Amino acid sequence: MKTVVISLGGSILIPTLEKNKIEEYVPVLKKIAARHQLFVVVGGGGEARRYIEVARALGIDEGTADEIGILFTRLNATLLISALHDAAYPKVAENHAEAKKFAEAGKIVVMGGITPGQTTDAVAAVLAERVRADVFINVTSVDGIYSADPKKVKTATRFETLTPTQLLKIVGSTALTAGSNTVLDIVAARVVERSHIPLVVLDGSKPKNLSSAILTGKFTGTIVSDKKKKPLPL
Ligand code: UTP
């Protein structure tokens, strides 16, 4: 049994409440958890961003807007835990130590954000470090890390592999305001560099991409690692 930490972007799981993919992700997460210890960190999604925009329009500071974002991540985590029924530990972990403790029950551990000034990618990166994960997977709305934002720049090219140092250079120039939407935040990239835990970035719009990546090693995405050995399949 290996240990897997997944950052499941809210833009994938709950882009809007109506378009949520929770029902599709439940069997996929259960399938992975039948073979591996699984930790899932859930993002805030579209509803969080809408609230953050309203907060900003009201002149509310970024730190408080972040706190609003965190509440949404935890709400989404609660929804996922409830949909997973007995397969998940029944409470949202509110910090990394709690997540480690909950894992002793042998169930899927789900958490959201913990502290302002970062995103759930950073939460997941530190969690991967603390539980000594074999792999850290960032499930997002693009199929890997590109030389520029592929939604804005047509000539952007996708990297198959990157070293953590190259990753840092790419994400280093992005702003970190509440609700900001980059492929990985700078805090997460720094932690990936120091932990030496391989990171896989893949497109989660089809939930089966995730189980296929972990269980068969077949996926389109970017591997960030300073090791020669491929991190997937497990
Ligand atoms: P995320 O940015 O992690 O969720 O958290 P998302 O936007 O759904 O993720 P992607 O883009 O799909 O991957 C939402 C917001 O909550 C706050 C930040 O403002 C963040 O943008 N947050 C989250 C924190 O301040 N701290 C945390 O630990 C987590």
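A few notes on this one:
- Residue list for the range 85-112, restricted to those being of a type in the set (A, V, I, L, M), assigned to a helix (DSSP H, G or I) and either more than 20 Å from residue 7 (Cβ to Cβ) or within 19 Å of the chain's Cα centre (by Cα) (or both): 97, 99, 103, 105
- Any chance residue 70 is without any contact (Cβ under 8 Å) to a residue 60 or more places away in the chain, touching a Gly at 6+ places or on another chain (Cβ under 6 Å) and farther than 30 Å from residue 233 by Cα: yes
- Per the listing 3, 16, the residue uniquely hydroxyl-bearing (Ser, Thr, Tyr) and away from the ligand (no atom under 16 Å from the Cβ) is 3.
- Filtered residues of the range 134-154 (kept if modelled with pLDDT of 95 or more and of a type in the set (A, V, I, L, M, F, W, C)): 135, 136, 137, 139
- Among the conditions (1) in contact with a helix residue (DSSP H, G or I) (Cβ under 7 Å, 6 or more places away or on another chain); (2) not in a helix (DSSP H, G or I), residue 48 misses just one, which is (2).
- Contact annotation: residue pairs with Cβ atoms under 8 Å, 6 or more positions apart or on different chains, pairing a residue in the range 90-117 that is on the phi < 0 side of the Ramachandran plot with a partner that is polar (S, T, N, Q) and within 16 Å of the ligand (Cβ to nearest atom), are 92/78; 112/73; 112/76; 112/120; 113/73; 113/119; 113/120; 114/95.
- Residues of the range 155-180 satisfying the condition of being at pLDDT 80 or above and among the β-branched types (Val, Ile, Thr): 155, 157, 161, 163, 165, 170, 171
- Under the condition of being more than 16 Å from the chain's Cα centre (by Cα) and farther than 20 Å from residue 188 by Cβ, the residues counted in the range 38-70 number 14.
- Check on residue 112, out of contact with any strand residue (DSSP E or B) (no Cβ under 7 Å at 6 or more places or on another chain) and crowded, with 22+ Cβ neighbours inside 10 Å: no
- The range 113-143, subset of a type outside the set (Gly, Ala, Ser) and in a helix (DSSP H, G or I), residue nearest to the ligand (Cβ to nearest atom): 120
- Against the numbered list (1) more than 22 Å from residue 136 (Cα to Cα); (2) within 14 Å of the ligand (Cβ to nearest atom); (3) not acidic (Asp, Glu), residue 42 comes up short only at (1).
- Some residue of the range 50-61 being near the ligand (Cβ under 8 Å from one of its atoms), among the hydrophobic types (A, V, I, L, M, F, W, C) and crowded, with 19+ Cβ neighbours inside 10 Å: yes
- In the range 17-35, residue surrounded by the fewest Cβ atoms within 10 Å (Cβ to Cβ) [restricted to those that are under 17 Å from the mean Cα position of the chain (by Cα) and in a loop (DSSP other than H, G, I, E, B)]: 21
The values are calculated or read from the model by the stated rules, or taken from the named source; none is laboratory data. Remember, it's a predicted structure, so these values are computed and weren't measured experimentally. Positions of Cβ are generated from backbone atoms using ideal geometry, with glycine treated the same way; all protein chains shown enter the neighbour counts.
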